[in-house]
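Input: a single structure, listed below in structure tokens.
The values are calculated or read from the model by the stated rules, or taken from the named source; none is laboratory data. These numbers come from a predicted model, not from an experiment. Note that we place each Cβ from the backbone using ideal geometry, even for glycine, and neighbour counts take in every protein chain shown. Please note that ligands, DNA and RNA were not included when accessible areas were found on the heavy atoms of the full protein model with its side chains. Shrake-Rupley method; radii C 1.70, N 1.55, O 1.52, S 1.80 Å.
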Amino acid sequence: MAKGTPDYQDADLVLRVYEMRREPVMRASRDAINGKFWPANYEEAKAITAATHEFNAAYRQTGTYWEMVYGLVRHGIVNAEYFMETNGEGLLLFAKMEPYVEQLRKEVSPYVFLNAEWVAKETQRGRGLFEIFRGRVKKALEARK
């Protein structure tokens, strides 16, 4: 069931989520995933799931973080549109991995990016942000060729 008008509890959750993003390990993980990880094919996308990959710890840190907080939205714990106003960053990682999600679900985990996909498709703000990030990923990958 979707949550109606945002309230104090929604605001408290948004602020707590923000504080968690500021933690030093999380900040370093976000920097690595957002700035240095640009999979151009399935092999590169899957490679980060291996414990030996240089960005595996950062991927696990950010990926599970965004799945956790997007789960708050998907399950109606927090007002979806209010939450997505300031928490779209996780959709950048999803935009990078989205072309490979179906295969990752078959080969790595059937649960990968379920909550990120939901907010990208089922919330108005999420749809808009996802399209913006999709465009940024496309441009970044083209620039790397």
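Here are some conditions: (1) part of a loop (DSSP other than H, G, I, E, B); (2) more than 11 Å from the chain's Cα centre (by Cα). Tyr82 meets all but one. Which one does it not meet?
In the conditions (1) part of a loop (DSSP other than H, G, I, E, B); (2) more than 11 Å from the chain's Cα centre (by Cα), Tyr82 misses (1) alone.
Within the range 60-71, how many residues turn out to be surrounded by fewer than 21 Cβ atoms within 10 Å (Cβ to Cβ) and either in a loop (DSSP other than H, G, I, E, B) or among the hydrophobic types (A, V, I, L, M, F, W, C) (or both)?
Total meeting the criteria: 1.
Which one of these is of a type outside the set (D, E, K, R), over 17 Å from Ile48 (Cβ atoms) and touching a residue at least 60 places away in the same chain (Cβ under 8 Å): Tyr70, Tyr100, Tyr82?
Tyr82
Within the range 117-126, track down each residue that is surrounded by 13 or more Cβ atoms within 10 Å (Cβ to Cβ), in a helix (DSSP H, G or I) and over 13 Å from the mean Cα position of the chain (by Cα).
Within the range 117-126, Glu122, Arg125 qualify.
Take Val112 and tell me if it is in a helix (DSSP H, G or I) and modelled with pLDDT of 95 or more.
For Val112, the condition - in a helix (DSSP H, G or I) and modelled with pLDDT of 95 or more - is not met.
Among the residues of the range 20-42, is there at least one that is farther than 22 Å from Arg136 by Cα, basic (Lys, Arg), out of contact with any Asp or Glu (no Cβ under 8 Å at 6 or more places or on another chain) and not in a helix (DSSP H, G or I)?
Scanning the range 20-42 turns up at least one residue that is farther than 22 Å from Arg136 by Cα, basic (Lys, Arg), out of contact with any Asp or Glu (no Cβ under 8 Å at 6 or more places or on another chain) and not in a helix (DSSP H, G or I).
Suppose we filter the range 16-59 for residues that are surrounded by 11 or more Cβ atoms within 10 Å (Cβ to Cβ), out of contact with any Ser or Thr (no Cβ under 6 Å at 6 or more places or on another chain) and among the aliphatic types (A, V, I, L, M); how many remain?
10
Kindly list the number of the only condition in (1) over 21 Å from Glu131 (Cα atoms); (2) at pLDDT 95 or above; (3) touching a helix residue (DSSP H, G or I) at 6+ places or on another chain (Cβ under 7 Å) that fails for Arg60.
Exception for Arg60: condition (3).
Just to be sure before I move on: is Phe113 in contact with a Leu (Cβ under 7 Å, 6 or more places away or on another chain), in contact (Cβ under 8 Å) with a residue 40 or more places away in the chain and not aliphatic (A, V, I, L, M) in the structure I sent?
No; evaluated as a whole, the condition is false for this residue.
Select from the range 85-95 the residues that are in contact (Cβ under 8 Å) with a residue 60 or more places away in the chain and outside any loop (DSSP other than H, G, I, E, B) and list them in ascending order.
Leu93
Under 7 Å by Cβ, and 6 or more places apart or on different chains, what pairs join a residue from the range 8-35 that is more than 21 Å from Gly76 (Cα to Cα) with one that is outside any helix (DSSP H, G or I) and open to solvent by less than 40 Å² (accessible area, probe 1.4 Å)?
Ala32/Phe55; Ile33/Phe55
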